[in-house]
Structure formats: C-alpha cells, structure tokens
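S.K.: Pasting in a structure now, in structure tokens, and then I'll have a few things to ask.
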Amino acid sequence: MLVSKISPPQSKSSANKTITVADTAQRDFNQGIDTLNITTATTQLTPSPLPTLSLGTNLLELGLLIPNLTVEYRFNRWGSVALSGNYSAWNYFKPTLKFRVSSLCGELKVWPACKPSGLFVGAHAITGCFNIALGDRDPVRRQSHNGFTLSYGGGMTVGYRFNPFSHPCWQMEVSGGAGVHSLYYDEFQNRTNGLRIDTKRKLYVGPDYLRVSLIYNLPLKKKGGEL
C-alpha cells in the first residue's frame, strides 16, 4: 500500500515574508535603475568646465619687438574680462624709425555660444602714450604731449578663438577693434634733436587694434568633461 507524503502547508507569515523580500528586492532594483538614469542625465546635462584664467600674447606686436601680455578671467560661461598691456622704448636701428608705445587696454567679451572657443563680441577702453616716427621719408615725428600726456578712448571688439593644437590648454585668437580716441600730441622734425613744429589735439575715429594671439589656459581642477 502506497502512502503519499504530503508537505504541510506554509503558514501565512512565511508567505508574507517571501512576498515582502521579493517586493523589497524589486523596489531596490527600480531605485537603482532610477539612480542610474538620473546620474546619466546629470552627466549629459553637466556643461564642460571652462578655463577660468588665461594668458596671451599678440604675435603681431612681438614681430615688431613690442613685449605684450594679456590676462583674461572667464567669470561666466557667456562672459570674460581681459587686461592687456604693452611697452616699447627703442628705435628700429635708427632714430628716425621708431614705434614706441606704452598702453593698457581693458576689455569685456561676450561669448554667444557659451563655449571656451568660437565667436565673441565686446567693448574695450584704451589709454597710453606714444612716440612714432616712420622713417626718413616721413618728415614729422609724433609724440604724446610733453612725452607723458595720456591718450584715451574706447570702442567695440569682435574676434574668434579656436583650437589648432592637440592640447586643449593652447588656443589661438584673431580679434580686432575700432573706436573713438582723444589724442593730444606734439609734432617734431624727424631727425636727431629735431625742433618741435606744432602741438595738436585730434579726435581719431577708426581701427585701434589688431591681434593674432597665442593663448594659454592655466590648468585648473576639472569637475568633469573637457575644455
């Protein structure tokens, strides 16, 4: 005679415990998926960091043996401020040919694309002194009044920054500006110890600077992404 062995039925508490464990595991799994989705979305939406501080030099001025330096601070994704300075106090091989300048330029740039490179527009203000003679064919040497009277003015800026190098810290920038400047200067005979001919005040309207600059972005701590 065969006797079947019947297992006793599970108690309600055991069944509820099994369901509770399964529900907890499913809830933890769903929370993990949600956390992963949020993290992925946050990573995709987090903008790449921008260079906060950069140094630059105008290669065109260096070609004229005029030392110069620009310091730029990127205070926001859409804006930056820059301060440029140059200084030259020598002749080009003879006293009748010189381009002596000493100037400071403050600039506000707006970056429409909110990226570390690309098109920018802005405004600038310039002040400085000059002593300019264009060679033997130019009979007049022009110098800031009394040698130290500052000219001043300002205008608009437009430029473009790009990355021709493999390293993201190095960039190039091409920019130019035009504006209005008040000039107060003396005119001299363009020869050694030339006599002063005249003193003039003039309002200049037109281009006031051109730059082809090499830029180095100071490496800062990254929060993720690339420059």
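The values are calculated or read from the model by the stated rules, or taken from the named source; none is laboratory data. Every value quoted in this text rests on a predicted model; they were computed, and no experiment measured them. FYI the Cβ positions are ideal-geometry reconstructions off the backbone, even for glycines, and counts take in every protein chain you see.
S.K.: Answer yes or no as to whether R137 is basic (K, R), assigned by TED's automatic domain parsing to the domain that holds L83 and under 21 Å from L83 (Cβ atoms).
M.R.: Answer is no for this residue.
S.K.: Which residues, taken from the stretch 88-134, are among the charged types (D, E, K, R), within 20 Å of the chain's Cα centre (by Cα) and not in a strand (DSSP E or B)?
M.R.: Within the stretch 88-134, K115 is the sole residue that qualifies.
S.K.: Turning to a different aspect of this structure: Determine which member of the set G155, G159, G147, G176 is closer than 12 Å to G128 by Cα, small (G, A, S) and either assigned by TED's automatic domain parsing to the domain that holds K98 or without any contact (Cβ under 8 Å) to a residue 60 or more places away in the chain (or both).
M.R.: So the residue among G155, G159, G147, G176 that is closer than 12 Å to G128 by Cα, small (G, A, S) and either assigned by TED's automatic domain parsing to the domain that holds K98 or without any contact (Cβ under 8 Å) to a residue 60 or more places away in the chain (or both) is G147.
S.K.: Continuing with the same structure: Cβ-Cβ below 7 Å, separation at least six or inter-chain, first residue in the stretch 92-103 and within 16 Å of T127 (Cβ to Cβ) and free of Cβ contacts under 8 Å to residues at least 12 places away in the same chain, second among the charged types (D, E, K, R) and loosely packed, with under 14 Cβ neighbours inside 10 Å: which pairs?
M.R.: Going by the 7 Å Cβ cut-off, there are no qualifying pairs.
S.K.: Which of (1) of a type outside the set (V, I, T); (2) under 18 Å from L53 (Cβ atoms); (3) modelled with pLDDT under 95 is the odd one out, the single condition R161 does not satisfy?
M.R.: (3)
S.K.: Just one of A113, A125, A82 is without any contact (Cβ under 8 Å) to a residue 12 or more places away in the chain and among the hydrophobic types (A, V, I, L, M, F, W, C); which is it?
M.R.: So the residue among A113, A125, A82 that is without any contact (Cβ under 8 Å) to a residue 12 or more places away in the chain and among the hydrophobic types (A, V, I, L, M, F, W, C) is A113.
S.K.: Any idea which of G206, G155 is part of a strand (DSSP E or B) and under 28 Å from T52 (Cβ atoms)?
M.R.: G155
S.K.: State all residues of the stretch 150-183 that are small (G, A, S), in contact with a Lys or Arg (Cβ under 8 Å, 6 or more places away or on another chain) and under 16 Å from E72 (Cβ atoms); if no residue qualifies, say none.
M.R.: Answer for the stretch 150-183, where residues must be small (G, A, S), in contact with a Lys or Arg (Cβ under 8 Å, 6 or more places away or on another chain) and under 16 Å from E72 (Cβ atoms): G159, S175.
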